[in-house]
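To start, the structure itself, in structure tokens.
The values are calculated or read from the model by the stated rules, or taken from the named source; none is laboratory data. For clarity, every value in this text was computed on a predicted model and none was experimentally measured. Glycine gets a Cβ as well: all are built from the backbone with ideal geometry, and neighbour counts include every protein chain shown. Ligands, DNA and RNA are excluded from the accessible area calculation, which covers all protein heavy atoms including side chains. Shrake-Rupley method; radii C 1.70, N 1.55, O 1.52, S 1.80 Å.
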Amino acid sequence: MLILGVWIVYRNIKKEVELAQIKSEFVSNVSHELRTPLSLISMFSETLEMDRVKTEEKKKEYYSIISQEANRLSKIVNSILNFSKMEAGKRQFNFVDSYLNDVAENVYRSYKFHLEQKGFKFELLKDETIPIIKIDEEAVSEAIVNLVDNAVKYSDNNKEITVRTKLESNYAFVEVEDKGIGIPEKDQKKIFDKFFRVSSGNVHDVKGSGIGLSIVKYIMDAHKGEIRLSSTVGVGSKFKLMFRLNAK
Ligand code: ADP
């Protein structure tokens, strides 16, 4: 009895300590993610305010950096808000008849310019035979955006991202493929856990809070769908979001 009691106490304390560690890591990751856009915004706006920028062209460039970084900030804040709603079990979904191709196309269109500016080859390949399915368009679009964001973050020299829609047996899927750093096999299951980040390679240079894929998983669970991942270190990754065709 005594041994069992000691073991239970030990296990609980260990859990608490781990949780505290995860929490503090999360706070530091998020702060880190927020700090970069904030400092860029304040630096470029101060330079403009002091009238230090001489040419119109340079001014335009600075304005565009400010607006890009402000967008990035609001994306980070939105994703944290969505995450906390999800944690509280308060996130609601609105499933309506939709074309998966349209959702994928909207994400593609809004990212195309931005990614090409960053030197990416970005492609959308649609299967036009995909029928109407019942999905929450906003949530699915958020899931695709999270995957594309990761594909960008975890690509190094080979900047190539493909978004593909297709039918496969009883499923319609949308897939995001990159030629980036890949994910070690031992971590492939864990990356969908909240706060988990792969701790090898150059990943630590890349900013992130470790909640993106847990949001994707939550969204796919709400759709009673599946996520399939195939990834090889140094070659690239493919994330497939599978939606059942006859889902009610
Ligand atoms: P993060 O904010 O860290 O990007 P995510 O939940 O989106 O959080 O991803 C969890 C981890 O999975 C990342 O930290 C990274 O290690 C790994 N990962 C996710 N997507 C990719 C990808 N396309 N290529 C390589 N690694 C990835």
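The table below lists the values:
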item	result
GNM result for the chain, Cα springs below 10 Å: residue of 116, 57, 142 fluctuating most strongly	57
Amide N of region 55-94 lying under 13 Å from the label point, which is placed 7 angstrom from the Cα of residue 137 along Cα→Cβ	94
Charge context of residue 116, other residues only, Cβ under 13 angstrom, K/R +1, D/E -1	+3
Fraction in percent of alpha-carbon pairs per bin - 5 Å, region 6-84	3, 13, 15, 14, 12, 10, 9, 7, 5, 4, 3, 2, 2, 1, 0
Sites residue 15 and residue 70, calculated FRET efficiency, Cβ-Cβ separation with R0 45 Å, nearest 0.05	0.70
Of 15/240; 23/207; 159/189, those spanning more than 21 Å from alpha-carbon to alpha-carbon	15/240; 159/189
For the chain, built as a Gaussian network whose Cα springs stay under 10 Å, the top-fluctuating residue of 18, 185, 128	18
Solvent exposure of region 145-248 as accessible area per residue, Å², 1.4 Å probe	48
All Cα pairs of the chain, percent lying beyond 35 Å	23
Stretch gain in nm, segment residue 221-residue 22, where the contour uses 0.36 nm per residue and the Cα spacing is subtracted	69.3 nm
Solvent exposure, largest accessible area first (probe 1.4 Å, DNA, RNA and ligands not counted), of 149, 97	97, 149
Solvent-accessible area, 1.4 Å probe, carbon plus sulfur percent, for region 133-248	47
Sparse-neighbour loop sites [trypsin sites (Lys or Arg not before Pro); region 100-164; at most 14 other C-beta within 10 Å; DSSP]	118
Per residue solvent-accessible surface (Å²) - region 40-108, probe of 1.4 Å	68
In nm, spacing of pseudo-spin labels at residue 56 and residue 102 (7 Å Cα→C-beta vector)	4.0
Fluctuation leader among 234, 89, 212 - the chain, Gaussian network, Cα springs under 10 angstrom	89
Neighbour-limited loop hits for chymotrypsin sites (Phe, Trp or Tyr not before Pro), region 1-98 (at most 16 other Cβ within 10 Å; DSSP other than H, G, I, E, B)	93, 95
Charge-dipole axis of the chain as Lys and Arg at +1 and Asp and Glu at -1 on Cβ define it, positive-most pick from 5, 107, 67	5
Local electrostatic count, residue 72, Cβ distance below 14 Å [Lys/Arg +1, Asp/Glu -1]	+2
Carbon + sulfur, % of accessible area of region 31-111 - ligands and nucleic acids excluded, 1.4 Å	52
